[in-house]
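These notes are about the structure you will find just below.
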Amino acid sequence: MTPSQQANPNPTNSEMDSKTILKPDLTDSQRDELIYQYVGIVVDGMEIKDLVRYATDQLTSYYNEGSLDDLKEDIDNYDEDLYDELVDNVTNPIVLDTNNTGGKY
């Protein structure tokens, strides 16, 4: 005798009940706590490099959504001289002194 590979076409109530996944209604507070606990589990399982990559991706997305003025304000709040330094970094080519000659060829 070989086992049947098909589901019972006429399941009984008990068979259907055993396959029903209960989804309790959660309050907003309970949902927040569920998310908080799950995030804690996910983060605990992540390696530092993965956390850094995730934070970098999220911050990059966040700053890409705003205006340049918003970005400048955030950078100025972090360090008031940093925006000008970063703008200088991205607008001026960097010459690497690979021969260690002080830039003289």
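The values are calculated or read from the model by the stated rules, or taken from the named source; none is laboratory data. Values in this document were obtained by computation on a predicted structure and should not be read as measured data. Here the Cβ is made from the backbone with ideal geometry for all residues, glycine too, and neighbour counts use every protein chain on show.
Among the numbered conditions (1) over 30 Å from residue 83 (Cβ atoms); (2) within 18 Å of the chain's Cα centre (by Cα); (3) not aliphatic (A, V, I, L, M), the only one that residue 30 does not meet is (2). Tell me yes or no: at least one residue of region 90-98 is assigned to a helix (DSSP H, G or I) and either within 18 Å of the chain's Cα centre (by Cα) or surrounded by 10 or more Cβ atoms within 10 Å (Cβ to Cβ) (or both). Checking region 90-98: not a single residue is assigned to a helix (DSSP H, G or I) and either within 18 Å of the chain's Cα centre (by Cα) or surrounded by 10 or more Cβ atoms within 10 Å (Cβ to Cβ) (or both). Which of the following residues is surrounded by 11 or more Cβ atoms within 10 Å (Cβ to Cβ) and either modelled with pLDDT under 95 or under 26 Å from residue 88 (Cβ atoms) (or both): 32, 17, 70, 25? Only one candidate qualifies: 70. Residues in region 43-59 that are surrounded by 10 or more Cβ atoms within 10 Å (Cβ to Cβ) and in a helix (DSSP H, G or I): 43, 50, 51, 52, 53, 54, 55, 56, 57, 58, 59.
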